[in-house]
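K.L.:
Sending over a structure as C-alpha cells; questions will come in a sec.
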Amino acid sequence: MSIGRAAVGFFFCGAVCIFAHAQTSVDGPDVLLKRALRYGDLYNWADAASLFTRAEELYTARGDSRNALYAHLGRLRSTMEQLSLPEVSEELAIELDKNPLLQSDNELRLFCLVVRGDIDGEIDAVPMRRDWEAALKIAQTLGDKKWENRASGELGFSLFLEGDMAAARQKVAGAFVGATMLQDAGAQIRYLSAIGHAFVQMGSYDDALGYFDKALKIAASNPDAGYPFLVNEGRLQAFRGMGKLDAAEQLADEIIAQARSRQKHVKETQALITAGTVAVAKKDEAKAVEDFQSAIDLAQKGKFTRLLADAQFYLEDIYRKKGDLPKAESLAAAAAESTQSSGEIYLLPLRLQALAQLQASQGKYLEASATYDRASDILDAMIGNITSAQGKIGLITAMSAVYAEHFGLVADHLNDTPKAFSVLEHARGRVTTELLMSGKPPDSRAELEIERQISRLNVELITAKSAEQVRQVRDKIFLAEQARWLTPASDPWKSRPWESIPLERVRESLAANEMILEYVLAEPHSFCLAISQDFARVTSVGGRESVEELVAAYLKTLKTKGASKAEGSQLYSALLKEIPEVAKKERLVIVPDGRLHLLPFDALVDDSGSYLVYSHTITYAPSSSAMYLVNSVTPRQPKQQSLLGVGGIPYDQTADLNKLAKMRGYTNDALAGLPASKEEVLAADAALHNRSNTLLIGPSATKSAFEHSNLDQRAIIHLAVHGVANEKHPDRAALILLSDSPSGDDGILEASEIVHLHTNADLVVLSSCDTAVGSLQGEEGVANLSLAFMLAGAKNVVSTLWSIEDTSALYLMKRFYAHLAERSSVAYALTGAKRDMLKTYGPRAIPYYWASFRLDGVGNHPINFNSTRLTTTK
C-alpha cells in the first residue's frame with residue numbers, strides 16, 4: 001500500500017475514533033454496552049474496544065459491579081492482541097474459579113468463557129477446547145441457540161488443531177448450517193471463511209474464493225462487521241496459491257495497515273507471515289526475511305505461540321535455500337517445539353518433516369529417520385482418530401511426502417529393506433487395507449438422507465423455470481453439500497492401532513510365478529520395491545519428472561490411437577529393465593505411485609519388442625498389505641452367486657438427464673448413445689447364466705433400481721453406462737444412469753454415494769469412460785470410481801483409463817466373460833480377452849482398443865456361480 005493510501009486509512013480510523021468518543025460521552029453505559037456487544041457479535045472487536053472501555057468506567061462509577069465486569073471482559077477481548085495472552089488467560093481462569101458473580105450468573109460466565117476461548121485459541125488448543133466445552137454446556141442450559149451453535153463451531157477449530165479432522169469438519173460445517181438457519185450473520189461470515197481457508201489448504205483456490213465471496217457479501221450487508229480480516233487473509237492466501245502475486249502483495253499491505261491502525265497484533269503477525277510467503281514467491285528474499293523476523297518479534301512479544309511456529313518454519317526455509325543448514329535446523333527444531341507447545345498437532349508432522357530433511361541433508365541419517373518415525377507415530381494416531389474413509393484419505397494425501405521421503409532415506413542411506421517396506425506400508429493404500437482388516441461400518445440414516453436430498457434437489461433443478469428459481473435451488477444444493485461434512489460417520493470407524501504386516505509374511509504369501517512391484521516416485525531418482533518368494537529388494541529407477549514426462553507422452557499417443565513402440569520401450573527401460581527377475585515372473589502386481597496410476601503396464605514394450613500383455617498377467621493393488629490380506633483372508637461370499645447388469649440406456653432420448661448433466665457440470669456435451677452396451681450386458685448374462693441374474697436394460701436402468709438390486713448378494717456387477725471423471729472434485733466423479741423424477745431420483749450416481757453402497761461382489765465391471773481416472777492422492781492412490789467401489793466392498797474392479805469405443809468394448813467384454821465361464825481367474829480372463837483381440841485383429845488391435853481396461857485387485861480366483869465357495873488359483 002502507498003504512503004498516501006495508508007494515510008487515508010489512518011485518517012479514516014482517526015475520524016471514526018473521534019466520532020465514537022463523541023458518542024460515548026453522550027450515551028449511557030447500557031447503550032454503550034449494547035452497541036459494543038453488537039460489534040463483538042459480528043467479530044468486529046476493534047470497533048467495540050472504546051465502547052467497552054467507556055461502559056466499564058461508567059458502570060464502575062455507578063457501583064454496578066455486574067455490568068462493570070461484563071464490560072471489562074469485553075474490553076479484554078477487544079484489546080487482547082495488545083496484551084500478554086497467557087497472563088490474560090490466567091487472570092480469567094482465576095476469575096472463573098473465584099469470582100462470585102461468575103459463579104452465580106450463567107450469562108456472565110458464558111461471556112467470560114467465550115472471551116477466554118478466543119484468547120486460548122491463540123495459545124493452546126487443549127485449554128481452548130475445554131473453554132468451549134464449558135461454554136457449550138452453559139449455552140445449552142440457558143437455551144441460547146446462537147451461542148450453542150457458535151460454541152460447537154469453535155470446538156471444531158480446537159479439534160482441528162488437535163488433529164481430529166473428521167470431527168472438526170463436522171462441527172464447523174454444522175455451525176455454518178446452524179448460523180444460516182439462525183440468521184447469525186457474524187457466525188456465517190466466520191464459518192464461511194473457515195471453510196474457505198480449508199479449501200486453500202487443499203489447494204482448491206477457486207472453491208475457496210467462492211466461500212470468501214459469500215462471506216464478503218454478508219459482511220457488506222452488515223456494516224457493523226467492520227474490516228473483514230479473516231476473509232481477506234484467506235483471499236490473500238488464495239491469491240498467493242494461484243500465483244496472483246501482485247494482487248496478493250497489495251492485499252497484504254492493506255491488511256497490515258488495517259491491523260496496525262487497530263492495534264490488532266495477531267492479525268498483523270498473520271498478515272506479515274503471509275506477506276513473507278508472497279515475497280518468497282516474488283524472489284524478494286530480503287523483504288521475506290524482514291517480514292518473517294517482524295512476525296517472530298511480534299509473536300514472541302505477544303506470546304502468539306502458533307504464529308511464532310509458522311514464522312520460524314518459513315524463515316527456516318530461507319536459510320535452508322541459502323545453504324546455512326545449521327541455522328535452518330535450529331529454526332526447524334524451534335518451529336517443531338513451538339508447534340507442539342501450541343497444541344497444533346495437525347501441523348506437527350510437517351514441522352518434523354522439515355527438521356528431518358535438514359538432518360538428512362547434513363548426513364545425520366539415523367537422527368533423521370528417528371524424526372520421521374516421530375512424525376509417523378503422530379500421523380498414525382491422527383488417522384486412527386478419523387472416523388470416515390474420505391477423512392482418512394484426505395489426511396494421508398496431505399501427508400504423503402512424509403512417508404515417501406522417509407522411504408527414500410532408508411532405501412538410499414540405511415540399506416534396510418524391511419524398514420523401508422514398513423515405512424511405505426504405513427501410508428500406501430492405508431484406507432483400503434484398514435477396511436480389509438476391520439470391515440466397513442454401516443452408514444448412518446443421516447448420511448443416506450443427505451444423498452437422497454441432493455438427488456431430489458437435482459431433479460428440482462431440472463424443472464426450475466427462471467434464473468431466480470435456479471439460484472434458489474443451487475443455494476439449497478450448496479447447503480445440502482455442506483451437510484455432508486457434518487453427518488457423524490456411520491458407527492464410528494476408529495481402526496485399531498496400525499501394525500504393518502511383516503515383509504517376510506508378504507513374501508511367503510506369494511506364488512512362485514508372482515511378483516509385487518511397488519513404486520515410489522521421487523527426485524533425483526525413484527524407487528521400485530520388488531517382492532517375490534525369493535527376494536525383496538529396492539531398486540533405483542528414473543526420477544519422478546522424467547518418468548512422468550514419459551508417461552504423459554505415451555498416454556497421449558495411446559489415447560489418440562497411436563502405437564509408438566519406441567515410447568513403450570522407453571518406459572519399460574525406465575521402470576522395469578533394472579529388475580531382471582521380472583522376465584521370470586508371469587504374474588505381476590503393480591502398486592503404482594503418482595502418474596503411474598494412469599499407465600497401462602501391459603502396453604509397455606519389452607526388449608524383444610513385444611507388449612507385456614503377451615508374456616505377463618498384470619493387475620494393480622493399493623498396497624502390498626492389501627494384496628496379502630485379500631490373498632490370506634477367506635472372503636464371505638454373497639448369498640446369491642448372481643449377476644447384476646446395467647446397460648442399453650437411451651441417452652440420446654433423455655433430455656432432462658442431459659440438461660442436469662450440463663447444469664451440474666458433469667459434461668459439456670450431449671450424452672451419446674451406447675448401442676453396444678445392451679449387448680455387453682446380454683453377453684455377460686449368457687456366459688454366466690443364473691436364474692437369479694438381474695438385468696436393468698433401457699428404461700429400467702434407473703439409479704434407484706440399481707441401488708435397490710440387492711447389491712450385497714451379487715457376485716458380479718456390470719455397468720455399461722457413461723462414466724465421468726472429476727480430477728478437481730473426485731467425490732463428484734459419477735456414473736450416469738436414468739433418472740426417475742417421481743421418486744426424486746436424479747440418475748447421477750456420484751463417487752460420494754457409491755462409497756455408501758454395501759456390496760460383497762467378487763467383481764465390479766465399469767465398462768465406462770475414464771472410470772480409473774481421478775485425482776492423485778499421494779500414498780493413498782487415485783480417487784476414482786474404481787476406488788469408490790472397492791471402498792464399498794468390491795474385491796476386484798475392472799475399469800478404464802480413457803474413453804473407449806462401444807464396439808471394441810463389446811468384443812473385449814464378450815471374450816472376458818467367455819474366459820470367466822471357462823473358470824479362468826479374473827486376472828487371466830481380462831488378459832486372455834486382450835490377447836484374443838490381438839490374435840484376431842493383428843496390427844489393427846492397437847493399445848487404444850484394449851490397454852484402457854485394467855483390473856484393481858488380486859484377481860487370482862475364478863467366479864463360481866454354482867458353488868458357495870470360490871476356488872483360488874495361482
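K.L.:
Can you tell me the length gained on complete extension of the stretch Gln293 to Val126, counting 0.36 nm per residue apart and subtracting the Cα distance?
P.N.:
Additional length available on full extension: 57.4 nm.
K.L.:
Turning to a different aspect of this structure: With every protein chain left in place, what is the accessible area of Ser642 in Å² (1.4 Å probe, nearest 10)?
P.N.:
Approximately 0 Å² for this residue.
K.L.:
Treat the range 16-152 as a sphere of radius equal to its Kirkwood radius over Cα pairs and apply Stokes-Einstein at 25 °C in a medium of 0.890 mPa s; give the translational diffusion coefficient in µm²/s, rounded to a whole number.
P.N.:
The diffusion coefficient I find is 162 µm²/s.
K.L.:
Set the Förster distance to 51 Å, then compute FRET efficiency between Lys282 and Ser700 from the Cβ-Cβ distance, nearest 0.05.
P.N.:
On the way: r = 60 Å, r/R0 = 1.17.
E(calc), rounded to 0.05, equals 0.30.
K.L.:
Evaluate the charge dipole of the range 95-161 about its Cα centre and quote only its size in Debye, nearest 20, assuming +1 on the Cβ of each Lys and Arg and -1 on the Cβ of each Asp and Glu.
P.N.:
Its charge dipole is roughly 200 debye.
K.L.:
Given axes a ≥ b ≥ c from the Cα gyration tensor, I'd like to know whether the range 27-90 is rounded (a/c under 1.5), prolate (a/b larger than b/c) or oblate.
P.N.:
It comes out oblate by the Cα gyration axes.
K.L.:
If the chain between Gln140 and Arg505 were fully stretched, how many nm would it gain, using 0.36 nm times the residue separation less the Cα-Cα distance?
P.N.:
Extra length available between Gln140 and Arg505 comes to 126.0 nm.
K.L.:
Determine, for each peptide in 47-53, 361-367, the mean count of other beta carbons within 10 angstrom over its residues, then list the peptides with the highest first. If you can, show how the numbers build up before the last one.
P.N.:
Numbers: 47-53: 24.4, 361-367: 13.6.
Packing proxy ranking, top to bottom: 47-53, 361-367.
K.L.:
In addition: Assuming R0 = 30 Å, what is the FRET efficiency of Leu682 and Ser564, from their Cβ-Cβ distance, to the nearest 0.05?
P.N.:
On the way: r = 36 Å, r/R0 = 1.21.
For R0 = 30 Å, the calculated efficiency reads 0.25.
K.L.:
Can you work out the Karplus-derived ³J(HN,Hα) for every residue in the range 265-282? Use 6.51 cos²θ - 1.76 cosθ + 1.60 with θ = phi - 60°, whole Hz, and x for glycine or proline.
P.N.:
Karplus values, whole Hz, x for Gly and Pro: 6, 5, 5, 5, 4, 4, 5, 4, 5, 5, 4, x, 5, 5, 4, 4, 4, 8.
K.L.:
Size of the range 640-718 along its principal axes in angstrom, Cα-based, largest extent first?
P.N.:
Principal-axis extents of the Cα atoms in the range 640-718, largest first: 39, 24, 16 Å.
K.L.:
If you don't mind, another one. Say the cut-off is 30 Å between C-alpha atoms; which of Lys171/Lys244; Lys303/Lys327; Lys301/Lys327; Lys171/Lys217 go over it?
P.N.:
Lys171/Lys244
K.L.:
Order these peptides, 100-109, 795-804, by their mean beta-carbon neighbour count within 10 angstrom, highest first.
P.N.:
Going from most to least packed, we get 795-804, 100-109.
K.L.:
For Leu671, enumerate residues with amide H under 5 Å from its amide H, sequence gap 5+ or separate chain, H modeled in the peptide plane.
P.N.:
Amide H to amide H, under 5 Å and 5 or more residues apart or across chains, Leu671 pairs with nothing.
K.L.:
For labels at Met181 and Ser104 in the simple 7 Å Cα→Cβ model, what's the distance in nm?
P.N.:
3.6 nm
K.L.:
Shifting gears a bit: Stokes-Einstein D for the range 179-220 at 10 °C, 1.306 mPa s, Kirkwood Rh over Cα pairs, in µm²/s?
P.N.:
Approximately 158 µm²/s, per Stokes-Einstein.
K.L.:
From the Cα gyration tensor of the range 75-184, with a ≥ b ≥ c the square roots of its eigenvalues, which class applies: rounded if a/c is under 1.5, or else prolate if a/b is larger than b/c, or else oblate? Present the calculation step by step, with values, prior to reporting the outcome.
P.N.:
Numbers: a/c = 1.90, a/b = 1.27, b/c = 1.49.
Oblate, because a/c is 1.5 or more while a/b does not exceed b/c.
K.L.:
Additional query: Could you order Lys287, Lys244 by accessible surface area, starting with the largest, using a probe radius of 1.4 Å?
P.N.:
These residues rank, largest area first, as Lys244, Lys287.
K.L.:
So, one more: Once the cut-off is 22 Å, how many percent of the Cα-Cα pairs in the range 211-323 end up in the long-distance tail?
P.N.:
The proportion of pairs with Cα distances above 22 Å equals 33 percent.
K.L.:
I've got another one for you. Let me know the shape class of the range 267-346, please: from the alpha-carbon gyration tensor, a ≥ b ≥ c as square roots of the eigenvalues, rounded when a/c is under 1.5, otherwise prolate if a/b is greater than b/c, or oblate.
P.N.:
Values: a/c = 1.97, a/b = 1.20, b/c = 1.65.
In terms of gyration-tensor shape, oblate.
K.L.:
Can you list the residues, at least 5 places off or on another chain, whose amide H is less than 5 Å from the amide H of Asp745, using H built in the peptide plane?
P.N.:
Asp740
K.L.:
Also: Report the calculated FRET efficiency for Ala401 and Asp224 (r = Cβ-Cβ distance, R0 = 51 Å), to the nearest 0.05.
P.N.:
0.70
K.L.:
Something else about it: Could you tell me the convex hull volume per residue, in Å³, taken over the Cα atoms of the range 128-212?
P.N.:
79 Å³
The values are calculated or read from the model by the stated rules, or taken from the named source; none is laboratory data. No experiment lies behind these values; they were computed from the predicted model shown. Cβ: placed from backbone, ideal geometry, glycine included. Neighbour counts: every protein chain shown. Just so you know, the surface numbers come from the protein's heavy atoms only, side chains and all, with ligands and any DNA or RNA stripped out. Shrake-Rupley method; radii C 1.70, N 1.55, O 1.52, S 1.80 Å.
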